[in-house]
């Protein structure tokens, strides 16, 4: 998959997750590097120094801040992959993200069932295992809603 195709599929995956979580009753706010800094980068923001703690923290910022009506707050990072296997690029990202955002949830979207898998970053680093979104104890999304958004995954990402 070429770079532009990966970026486009990643943005579609983020949009699907954002819409699904909003429909599940959550407030969803753009937070991540791409959401906040991308427009600045396109206008010529200087490249951040490699290896800088602040730069690494910014590069690994989760995509969303998600707030429940009960005022509980989550960081959610969305990744699209063609497989649910953890590839080397994701392992490298996880190692960096675990330093700064261990409590964040990583929601993986991929072409096979179940299409929505989740884990906290710290648990994923430890176990290398995801579980189905409908089993998450904290970010509650109804199975019927997940099924309806599965149709969007099939339409746009497969």
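Can you tell me which condition residue 79 does not meet? The list is (1) surrounded by fewer than 17 Cβ atoms within 10 Å (Cβ to Cβ); (2) under 30 Å from residue 154 (Cβ atoms); (3) at pLDDT 95 or above, and all the others hold. With respect to (1) surrounded by fewer than 17 Cβ atoms within 10 Å (Cβ to Cβ); (2) under 30 Å from residue 154 (Cβ atoms); (3) at pLDDT 95 or above, residue 79 is out only on (1). Any residue at all in region 133-153 that's within 22 Å of residue 2 (Cα to Cα) and outside any helix (DSSP H, G or I)? The answer is no; no qualifying residue exists. The residue of region 122-140 that is surrounded by the fewest Cβ atoms within 10 Å (Cβ to Cβ), among those that are under 19 Å from residue 18 (Cα atoms), touching a strand residue (DSSP E or B) at 6+ places or on another chain (Cβ under 8 Å) and in contact (Cβ under 8 Å) with a residue 24 or more places away in the chain, is 138.
Within region 63-74, which residues are more than 17 Å from residue 117 (Cβ to Cβ) and part of a strand (DSSP E or B)?
Going residue by residue through region 63-74, those that are more than 17 Å from residue 117 (Cβ to Cβ) are 65, 67-73.
Passing the criteria: 65, 67, 73.
Pairs linking a residue in region 85-96 that is more than 14 Å from residue 127 (Cβ to Cβ) to a residue that is modelled with pLDDT under 95 and assigned to a loop (DSSP other than H, G, I, E, B), with Cβ atoms under 6 Å and 6 or more positions apart or on different chains, are 96/60. Scanning region 106-120 for residues that are outside any loop (DSSP other than H, G, I, E, B), touching a helix residue (DSSP H, G or I) at 6+ places or on another chain (Cβ under 8 Å) and either more than 12 Å from residue 134 (Cα to Cα) or free of Cβ contacts under 8 Å to residues at least 24 places away in the same chain (or both) returns 106, 109, 118, 119. Residue count for region 146-158 under the criterion of being in contact with a helix residue (DSSP H, G or I) (Cβ under 7 Å, 6 or more places away or on another chain) and surrounded by fewer than 17 Cβ atoms within 10 Å (Cβ to Cβ): the result is 1. Of all the residues in region 82-102, those that are touching a helix residue (DSSP H, G or I) at 6+ places or on another chain (Cβ under 7 Å) and in a loop (DSSP other than H, G, I, E, B) number 2.
The values are calculated or read from the model by the stated rules, or taken from the named source; none is laboratory data. Because the structure is predicted, anything quoted here is derived from the model rather than measured. Glycine gets a Cβ as well: all are built from the backbone with ideal geometry, and neighbour counts include every protein chain shown.
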